[in-house]
Amino acid sequence: MTDSEGPGGHAFSIAELRIGVATCATQIKGGRRATNWAALPGRHDDWLGINYHSRTAVSGLDDGTFPNSPVNDLGWEVHPQGLVDVARWLHDRYPGPIWITENGTADNSDSFRSRYLYDHLRAIAGSGLPIERYYHWCFVDNWEWAEGEVPRFGIVRLDHATQERTVKESGHFLAAVIADRGVAEASYAAHVASQRYRIESEPSPRG
């Protein structure tokens, strides 16, 4: 992966990154073991999976956002560099291939999701880490735990009443990224350039 800018300064290549869209969470069940794997020689994994959506600011038992931070519809901070920071911290301790198994944001109007995708993929491209796969969360608007059907994470809009699916602009952008094996200037101009995050001017608790 390379972060070599084109004439307009926004293009980059991710030719070696395999991109997919997550459709459901997978839980691996197993019993607890007392074995200290870190103390044993050799590797005990095929790849390191990371789910990353946001960063949180912690104060005592409360968590929230830093002031003047971009946030999504749930008030979660948008912080692409955090994905790289987490991946690097883990890779330093457990070297090997990295898969981003979830990364996405709540954006009901689909007004900044393409920028969110762009910013996180660009951070990956410039990281120098062995990130092999990236799975966007998620394909179709999902049931988001306690928030239910209200927040929309999908690149395909779901009409909850009729079950009709409609590809969002962010879906067309991700399709272009996959086809181009990176972000082309034309794709950036069409899908990303006009998008802006909402800024949280004061620290706020995270729901």
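The values are calculated or read from the model by the stated rules, or taken from the named source; none is laboratory data. The structure displayed is predicted, hence computed values, not measured ones. Cβ coordinates were reconstructed from backbone atoms using ideal geometry, including for glycine residues, and neighbour counts include every protein chain displayed.
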Q) Inside the stretch 52-74, can you point out the residues that are part of a loop (DSSP other than H, G, I, E, B), among the aliphatic types (A, V, I, L, M) and in contact (Cβ under 8 Å) with a residue 60 or more places away in the chain? A) Leu74
**Q.** Subset of the stretch 107-128 that is of a type in the set (A, V, I, L, M) and under 11 Å from the mean Cα position of the chain (by Cα) - its residue that is farthest from Leu83 (Cα to Cα)
**A.** Leu117
**Q.** Any chance Thr105 is of a type in the set (Val, Ile, Thr), in a loop (DSSP other than H, G, I, E, B) and touching a residue at least 12 places away in the same chain (Cβ under 8 Å)
**A.** yes
Q. Is the stretch 85-101 home to any residue that is of a type outside the set (S, T, N, Q), within 18 Å of the chain's Cα centre (by Cα), assigned to a loop (DSSP other than H, G, I, E, B) and surrounded by fewer than 21 Cβ atoms within 10 Å (Cβ to Cβ)?
A. yes
**Q.** Flag for Ser114 being in a loop (DSSP other than H, G, I, E, B) and crowded, with 18+ Cβ neighbours inside 10 Å
**A.** no
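Yes/no matrix, rows are residues, columns are (1) buried (at least 19 other Cβ atoms within 10 Å of the Cβ); (2) modelled with pLDDT of 95 or more; (3) within 22 Å of Ala15 (Cα to Cα):
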position: Pro130; (1), (2), (3): no, yes, yes
position: Phe139; (1), (2), (3): yes, yes, yes
position: Trp145; (1), (2), (3): no, no, no
position: Thr162; (1), (2), (3): no, yes, no
position: Thr166; (1), (2), (3): no, yes, no
position: Val177; (1), (2), (3): yes, yes, yes
position: Asp180; (1), (2), (3): no, yes, yes
position: Val192; (1), (2), (3): yes, yes, yes
position: Ser204; (1), (2), (3): no, no, no
Q.
Looking for something at negative phi, at pLDDT 70 or above, aliphatic (A, V, I, L, M) and touching a Phe, Trp or Tyr at 6+ places or on another chain (Cβ under 6 Å) - is there at least one such residue anywhere in the stretch 63-71?
A. no
Q.
Take the conditions in contact (Cβ under 8 Å) with a residue 40 or more places away in the chain and over 28 Å from Ile98 (Cα atoms) and apply them to Arg181. Does it pass?
A. no
Q: Being among the polar types (S, T, N, Q) and over 23 Å from Ser111 (Cα atoms) is the filter here, so list the residues in the stretch 52-89 that pass it.
A: Ser59
Q) Across the stretch 180-190, what is the total count of residues that are more than 19 Å from the chain's Cα centre (by Cα) and part of a loop (DSSP other than H, G, I, E, B)? A) 1
